[in-house]
Amino acid sequence: MKIALSGYYGFDNAGDEALLLAITSSIKAMAPKADFVVFSGNPARTTASHGLYAVYHKNPWQVCRQLHQCDLLISGGGSIFQDVTSAQSLWYYIGVVALAKLLGKPVMFYAQGVGPINLPLSKWLMRLIANKVNIISVRDRESAELLKQLGVVKPPVLVTADPVFALQPNEDDKRAVSGHLPASPCIGVSVRRWAALEGYQAALAQVLDALADQGYQILFLPMSWPEDVSESQRVMALMRRPATLLNQNLSSGELLAVISQLDMMISMRLHALIFAATQGIRFAGISYDPKVESFLGQFALSPLPLDAGGMAAQIAEILNDSKMQQAVMEMAAELHRRAQENARLALNLIPRKAVASNK
């Protein structure tokens, strides 16, 4: 049984690398002999980090050969089907799906976060190709609704959960980061550059200074390294109190282990919020994308206001809410169960003869 994986892999984005780990480990738990090939932006790095065979994602001969040999293509998870950051990337990922279907292979969209999709060509391609896949699972109801609006009506569309909810830090990851944590209590911060939110940095810096005055250590965690380092440094430069920047290329498991030790996570990056939720850590989100708002809504939270007063008030409310941690843990347990459902759906698509050959 061989499964091909297409997604934003090999680019040092902790969230997407966590997705790869979560998808493969969930499938391995149900089918221990499953083999994988990853279409990666850096095959050597993917193999070194995950122990998985990988080929360069833009080598058409390698991609075609591996699709011909595989029993299933998994597309996702993450937010690969959107054209805000790059329309060409959406066209690429949908092209891989189209090639797999031309070769007669079953395809699953695996816990996708779909959208925004704005360009007419992108919408047409999604409607054309997504209607040919075998099954679609999405991580939120907004994604399911968008697919319906686009005219994707033929394959079953199921709302499950982000695959990362199936992850837990292991002992090796905990040991690897044991020396990186400042003294408790500690609040983690994950930011990224986003032109539409320009100006939030000063408000966030003011709020973080106030938290530091209360005795909290402030730890900046670049989820996409080194891309997020400069934005972290911009906020730190506006603070009057010292903060720590974890300027290292940590694995997704190591970042999960760090976040598990925090008192709170303040993040623009979706997967930093998800990491916090899986560990029962309080969190607050700065929304740059509908996917962040969708995730926060699952926990009855709204995005942080972008003014210092509103931001500080909402963070204080979260920190002082004695029931929030238990509520987060209960919701995370349900999302963990739904995340594992993705693997079962994927394995059900594999032809019986391929499954039998792995027994």
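Kindly indicate whether any position in the range 134-144 is in a loop (DSSP other than H, G, I, E, B), in contact (Cβ under 8 Å) with a residue 12 or more places away in the chain, farther than 20 Å from Arg282 by Cβ and not basic (Lys, Arg). Among the residues of the range 134-144, at least one is in a loop (DSSP other than H, G, I, E, B), in contact (Cβ under 8 Å) with a residue 12 or more places away in the chain, farther than 20 Å from Arg282 by Cβ and not basic (Lys, Arg), which makes the answer yes. For the range 295-334, a tally of residues being among the β-branched types (Val, Ile, Thr) and free of Cβ contacts under 8 Å to residues at least 40 places away in the same chain returns 0. Consider Ala300 against the criteria (1) surrounded by fewer than 16 Cβ atoms within 10 Å (Cβ to Cβ); (2) more than 30 Å from Phe81 (Cβ to Cβ): it satisfies all of them except one. Which criterion is unmet? With (1) surrounded by fewer than 16 Cβ atoms within 10 Å (Cβ to Cβ); (2) more than 30 Å from Phe81 (Cβ to Cβ) applied to Ala300, the lone miss is (2). Is at least one residue of the range 92-100 surrounded by fewer than 20 Cβ atoms within 10 Å (Cβ to Cβ) and in contact with a Cys (Cβ under 7 Å, 6 or more places away or on another chain)? Yes, there is a match, as at least one residue in the range 92-100 is surrounded by fewer than 20 Cβ atoms within 10 Å (Cβ to Cβ) and in contact with a Cys (Cβ under 7 Å, 6 or more places away or on another chain).
Yes/no per residue for (1) farther than 27 Å from Met329 by Cβ; (2) at pLDDT 95 or above; (3) of a type in the set (A, V, I, L, M, F, W, C):
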site	(1), (2), (3)
Asn170	no, no, no
Val177	no, no, yes
Gly188	no, yes, no
Ala210	yes, yes, yes
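Counting residues in the range 315-323 that are β-branched (Val, Ile, Thr) and out of contact with any Lys or Arg (no Cβ under 6 Å at 6 or more places or on another chain) gives one or more. Only a single item in (1) out of contact with any helix residue (DSSP H, G or I) (no Cβ under 7 Å at 6 or more places or on another chain); (2) within 16 Å of Arg192 (Cβ to Cβ); (3) modelled with pLDDT of 95 or more is not met by Trp225, and it is number (3). Of the candidates Lys28, Lys33, the single residue that is basic (Lys, Arg) and in contact (Cβ under 8 Å) with a residue 40 or more places away in the chain is Lys33.
Residues are listed down the side, and each one gets a yes or a no for (1) touching a residue at least 24 places away in the same chain (Cβ under 8 Å); (2) closer than 30 Å to Arg192 by Cα:
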site: Pro43; (1), (2): yes, yes
site: His50; (1), (2): yes, yes
site: Tyr53; (1), (2): no, no
site: Trp61; (1), (2): no, no
site: Gly78; (1), (2): yes, yes
site: Ser86; (1), (2): no, yes
site: Val114; (1), (2): yes, yes
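Every test in (1) in contact with a Gly (Cβ under 8 Å, 6 or more places away or on another chain); (2) under 17 Å from Pro156 (Cα atoms) is passed by Gln82 save one, and that test is (2). Within the option set Ser252, Ser267, Ser294, being of a type in the set (Gly, Ala, Ser), surrounded by fewer than 22 Cβ atoms within 10 Å (Cβ to Cβ) and in the same structural domain as Asp228 (by TED's automatic domain parsing) holds for one residue only, Ser294. For Gly151, the requirement of being of a type outside the set (A, V, I, L, M, F, W, C), modelled with pLDDT of 95 or more and under 22 Å from the mean Cα position of the chain (by Cα) is not met.
The values are calculated or read from the model by the stated rules, or taken from the named source; none is laboratory data. Just so it is clear, the structure is predicted and the values come from calculations on it, not from any experiment. So basically every Cβ, Gly included, is an ideal-geometry build from the backbone, and we count neighbours across all protein chains shown.
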